[in-house]
Amino acid sequence: MNTSAANTLREAPGHGFADDVQFLAAYSQFFAVSQDLEATLETALAGIVQGIQADSGALYLLDQDGGDLVCRAVVGFHDARGKRASPEEDILGRCLRRNAIESTAEEIGAPVRARSILCAPLAADGRPFGVIQVASDRADGSFTSRDTNLLQIMANSAALAVANAHKAEDLVRQEVMEREVYLAAEIQRSLLPPAGQNGLPIHGYNRPIRLVSGDFFDYFVLPDQRIPFALGDVSGKGINAALLMSKAASLFRCLGKRSDDPASILSIINKEIHETSSRGMFVTMVAGIYDPATGLLRFANAGHEPPLLRKRDRSYQTFPAEAPPLGIVPDMEFRTTEAALDDGEFYIFSDGLIEFQYGDQEELGVEGLIQLVEGLADVPLAERLKTLLNTLDREGWALHDDLTVLAIGEDRGRADD
């Protein structure tokens, strides 16, 4: 609040028209610049109580969660801050429901016993969201029409200020959330394998539909040149899914350096997720290890889309999951499957890839994916993945979910970008 407005508000006005105009001008001047909700509430109530020379007052706002009116500011001898009142009760409720000035000369105990009670709604866009209540012990009876008119004007000004302060707070919260989401996205990207790992027979892409993703993939090289790998998809969307994704990815990277049994790795991750995840969230995941020296793939599947093995003769084999997703059954046993790459290619993908949809037509599906792969059979593996996604982007297909794809092959094309 600026100094001149504060000084004017501190000077008790008289009952003349000029005094009221001067007071209202000072009252509105503060609200024109205030973006602090709590300061706005306190100043709004203090100004109103002073302006109509009431003995006490309380400002109530609707609690969006519980639906009650909650006292957010108070002036007078009895501190009612935090007091809750039902919108169906007494003069407060009538004022809110009718969105109109209400008065009574009866003795009411909220927030103080008084001879006269006057209430005015706080409304924005015609919708009431709070009530200002003032009380007086005047011996001469009820509030005057001048008091009622002045209260209505000041309540309108206060309502606009409170609404603006709410918007300012919402903008601040939104900016903070946006910064946190960007930070979460950066952290997620840092968990993915670094780009430019030339010479590796494994390549991957992750394309979140939002800033943060519930999908992940990972791979790294052990000292004996074997390559642990994983791809997972967390149920749900948003920050909660992103956090669980980060946890699952971190657990895999830690366990993948200590164990060469994919089933055992999934079992440990499963127990950890079951113990700590909330709201019924789970993770579908394929984890494995590839030995370039022998071409042997060893992997386990926890409720994920069946991996696709493209053989040297261009036939395909799928490997459906034999166990549920991680985080559902605490003591689930997983099974490790072995397959020989034998100059073929091994594809793991999230459902976002095969759920690419062309307009209102059917989804891409596994058969559509196979057709795209076959059309790019002569393109090096890393370039093939990039070209495949670019083809879907160009030809009118729409992405409806996070997309992640991981491919293992022996052509040793360019590394992922």
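If you check Thr318, Thr391, Thr336 for being closer than 20 Å to Asp218 by Cβ and among the hydroxyl-bearing types (Ser, Thr, Tyr), only one passes: Thr336. Where strands (runs of 3 or more DSSP E) sit wholly within region 276-380, those with at least 3 residues that are surrounded by 15 or more Cβ atoms within 10 Å (Cβ to Cβ) and more than 28 Å from the chain's Cα centre (by Cα) occupy 283-291, 296-302, 308-310, 345-349. Consider Asn206 carefully, then state whether it is polar (S, T, N, Q), at pLDDT 75 or above and touching a strand residue (DSSP E or B) at 6+ places or on another chain (Cβ under 8 Å). The answer is yes for Asn206. Applying the criterion of being over 16 Å from Pro194 (Cα atoms) and either of a type in the set (Val, Ile, Thr) or in contact with a strand residue (DSSP E or B) (Cβ under 9 Å, 6 or more places away or on another chain) (or both) to the residues of region 229-242, the residue that is surrounded by the most Cβ atoms within 10 Å (Cβ to Cβ) is Val234.
Comparison of Lys311, Lys271 shows that the only residue that is basic (Lys, Arg) and over 20 Å from His203 (Cβ atoms) is Lys271. Checked against the criteria, Gly375 does not count as over 16 Å from Phe217 (Cβ atoms), of a type outside the set (A, V, I, L, M) and at pLDDT below 75. With respect to Asp137, determine if the residue is surrounded by fewer than 16 Cβ atoms within 10 Å (Cβ to Cβ) and either in the same structural domain as Leu61 (by TED's automatic domain parsing) or at pLDDT 85 or above (or both). When the stated conditions are applied, Asp137 passes them. Within region 257-275, how many residues are in a loop (DSSP other than H, G, I, E, B) and among the charged types (D, E, K, R)? Residues that pass the stated criteria total 4. Could you tell me which numbered condition Leu364 fails, if it satisfies all but one of (1) in contact with a helix residue (DSSP H, G or I) (Cβ under 9 Å, 6 or more places away or on another chain); (2) under 15 Å from Gln317 (Cβ atoms)? That leaves (2) as the condition not met. Looking only at residues in region 381-397 that are farther than 13 Å from Tyr205 by Cβ and either touching a Gly at 6+ places or on another chain (Cβ under 8 Å) or of a type in the set (S, T, N, Q) (or both), the one that is surrounded by the most Cβ atoms within 10 Å (Cβ to Cβ) is Thr391.
The values are calculated or read from the model by the stated rules, or taken from the named source; none is laboratory data. Since we're looking at a predicted model, the values are computed, not measured. When we count neighbours, we look across all protein chains shown, and the Cβ atoms used for this are built from the backbone with ideal geometry, even at glycine.
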